[in-house]
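First up is the structure itself, then whatever we jot down about it.
What follows is calculated from the coordinates using simple rules that are stated; it is not laboratory data. Nothing here was measured: the structure is a model prediction, and the numbers come from that model. Heads up, the Cβs are rebuilt from the backbone with ideal geometry, glycines too, and the neighbour counts pull from every protein chain shown.
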Amino acid sequence: MHIKLTNLLLIAGGALLLNGCVSLGVKPWQRDLLAREDMQLNAEPLTHQIDDHMYFSKEASSGGRGFAGGGCGCN
Amino acid sequence: MQLKARGAGASRATPADMRIVRRRLIAASCALLGATAARSQDATGAASDAISGDWSVDSALAYYHESGGRVSAVEPIVNFSKTFDDGRTFSGELVFDSLSGSTPNGALPSTKPQTFASPSGSSLSSAPITYTTSSGQLSVEGARIYTINPGQQPMDPHYHDQRLAISGNWGMPLGRLTTATYGGKLSYEHDFLSASVSAGIARAFNEKNTTLSFQLNNEFDKLNPIGGAPLAASDYALFKKTGGKTKDGVGMMLGLTQVMNRRWLSELNVSVDRFHGYLNDPYKIISIIDPAGDTTGYLYEKRPSSRTRKSVYWDNRAAWGRLSTDLSMRYMFDTWRVHSDTATLSVRWWNPDRDRFLEPYVRWYRQSAADFYTPWLDSTGSRSIGYASSDARLGAFHAFTYGLKYGAKIRDSTDHMSSEFSIRVLYYRQTPDHRLAGPGALQGLDLYPGLEALLLQVGYKF
Amino acid sequence: MSRSPILLLAGLAGLALASPPVAATPLHLAAYRGRVVYLDFWASWCGPCKQSFPWMESMSDTYAHRGLVIVAVDLDRHKGAAARFLGEFHPDFQILYDPRGSLAERFKVEGMPTSLVIDRDGKLRYRHIGFVPADADRYESQVKRLLAEK
């Protein structure tokens, strides 16, 4: 079976995330950089929407992005 | 009494004139659905750290232009969002897009001139015709005939379409650690109607360093192709068409977001979606080529009536002082045997005052062809085909995107950065792979033109 | 009612060392014994903190004479960021700086902002994680109740 580089990186990434999830992270007061607007998962929604629309119309794949997590963790 | 307004002359800021930095709601688009000419997209809003305040408005205007007189589109979008005092969120959006220009009809160039009728046509004669189909009578205006010169890519020059979409998304906190979201979208074009709903739930763990989310989407589309939906794999010249078609889809996404360290956030999403129903492009045909390279006829395309796609998406954001980066990768494969790899990188570079930024962007994409993709059909082959499509979007190609965005925050009278203006330019180029040389006379012709497009976008949010 | 911040810090640090930092354990803030203390942990990058400040200011205005003390501990890594935030709100209550997060650690701050409401006897009575304007009335009722206790 021929494994592509991106697939390998995805598997590695997934393994890294799952393995580290229990112990990784920062204290609630250490989220200054994560609170930055350009670090939000939802930053630039219209730009992503316009891009996704273009790629959806011209390619056979679409989507991928999720919707929750990260940020300042406030409240 | 909670947020009492102070008297005039007080030196302290009052709640009334306090400008709360507004966060806009998420309007993240999630994996989805449909790969035919019909456009269908789903967007779901969710509340994260947005704080309550007035309505926020995010707007954009995009102009898209393909080279070679192909499709041009204008797309204005406006999004209104608000976070309420109890943490609930709402986001409503209106999208309009207008497309025009010429679009490939799926046939191959030839060494001889070719004549086609626009989808509204029912014959290659320009006289109006009324014909009866299984669902009743279809009366057709005079066909718009177009002739393609030898060596030219067959393009329908009369392509135009307008779409209006409206969507609403709600977010509701369920305690400190959980958020529920739900939304709906309606999209209307004169030959296509799409309705979709979505619902999701997200739960934070580990002092909010880890977030697990799950989202479900359902979509129903109704197609009313201009001139009727052609009988799949039938002879183009017979113009055998029927009435409206439908398709529906279900999708789900499982997401994991993890704070890796103070500077690095990682997100992994796994999604599956399945569409069932009429998945053909009603406007596409396939050329039948003989060994000498001459076109002997055309057939309407035929695709399977179901398609299941699976994808894994991994995104990493990091921040260092005035820079922030976003690196993502996605792998997708489906039951049509298309598989694709995508990688994107954007770097945002702020000025020292953090009120201007420049953001270059690059994307690499590669996909393999669907197993029923074929640039043409051999005349010597069987006349009854299984699935076949010559739609370039199902072929093997790789694509590069290069983009640059500039943003500037505008300060209001109290020196708060209350609005932002942005301008973005993007270049997209698609290059076909595995280009099979045509037989006979077709050897000298360019059968795989690829695609080049420019996108210009301006945005304003306040 | 302007006690020296250093005294408070010393008092808190000393007492935090003396007693294990478990939420249920009473905290004796010797410096403010006899008064109700609203101990708030905030940072300039925290959106909800921007909403809690005007509310804390109005609470301070209204209830200081009845014995409410507000102490706001800033958890920014650098004071400069806090200066901008404070320049907007000009609070008249105590601001302490805890850039390393040691106080936050000791008081087990779980989210931003976190406020601890301590009664006149020095006992921790309420812990609020996060701030939404819809909760302000409830927080105020809690403070009024504690102030009424003698």
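Worth a mention:
- Environment charge at C:PHE41 (Cβ cut-off 12 Å; Lys +1, Arg +1, Asp -1, Glu -1): -2
- Gain on full stretching of the segment that runs from B:ASP371 to B:PHE421 - 0.36 nm per residue minus C-alpha separation: 13.5 nm
- When each of the peptides C:50-58, B:438-446 is scored by the mean number of other C-beta atoms lying within 10 Å of its residues, the order from highest to lowest reads C:50-58, B:438-446.
- Treating r as the C-beta distance of B:SER305 and C:ARG106 and R0 as 56 Å, the FRET efficiency rounds to 0.30.
- For the stretch B:343-387, the list of trypsin sites (Lys or Arg not before Pro) that fall in a loop by DSSP and count at most 12 other C-beta atoms within 10 angstrom reads B:ARG383.
- With the cut-off at under 19 Å, measuring from each backbone N in the stretch C:86-115 to a point 7 Å along the Cα-to-Cβ line of B:ARG411 picks out C:86-90.
- Spatially proximal lysines relative to B:LYS310 (Cα-Cα < 30 Å; intrachain offsets below 8 disregarded): A:LYS4, A:LYS58, B:LYS185, B:LYS208, B:LYS222, B:LYS245, B:LYS247, B:LYS284, B:LYS302
- Shielding of peptide B:414-422 by partners, expressed as the average count of other chain Cβ atoms within 10 Å per residue Cβ, is 1.
- Exercise: per-residue mean of other protein chain Cβ atoms within 10 Å, C:130-140: 5
- Residue-averaged beta-carbon neighbours from other chains (10 angstrom radius) around B:57-63: 3
- Set of the stretch B:155-178 residues, backbone N closer than 17 Å to the point 7 Å along the Cα-Cβ line of B:TYR188: B:161-168
- The length gained by stretching the chain between B:PHE462 and B:LEU174 to full extension, at 0.36 nm per residue less their Cα-Cα distance, is 100.8 nm.
- In terms of the mean number of neighbouring beta-carbon atoms within 10 Å, the peptides B:298-304, A:62-68, B:86-92, B:397-403 order highest first as A:62-68, B:298-304, B:86-92, B:397-403.
- Largest first and in whole Å, the equivalent-ellipsoid semi-axes of the stretch B:232-369 read 44, 20, 14, each the square root of five times a Cα gyration tensor eigenvalue.
- Cut-off 15 Å between beta-carbons: net charge of the residues surrounding B:LEU254, Lys and Arg +1, Asp and Glu -1: +2
- The label point for B:LEU454 and the one for B:LEU436, both projected 7 Å from the Cα toward the Cβ, are 3.6 nm apart.
- Per-pair calculated FRET efficiency, R0 = 30 Å: B:LEU323 and B:TRP55 via Cβ, rounded to 0.05: 0.40
- Computed label-point distance, nm, for sites B:ARG354 and C:ALA30 using a 7 Å Cα→Cβ extension: 4.0 nm
- Candidate lysines - alpha carbon under 16 Å from C:LYS144, same-chain residues fewer than 8 apart omitted: C:LYS123
- With a simple spin-label model that places each label point 7 Å from the Cα along the Cα-to-Cβ direction, the separation between B:LEU404 and B:VAL74 comes to 2.6 nm.
- The stretch B:165-244 and the stretch B:353-397 have their alpha-carbon centroids 22 Å apart.
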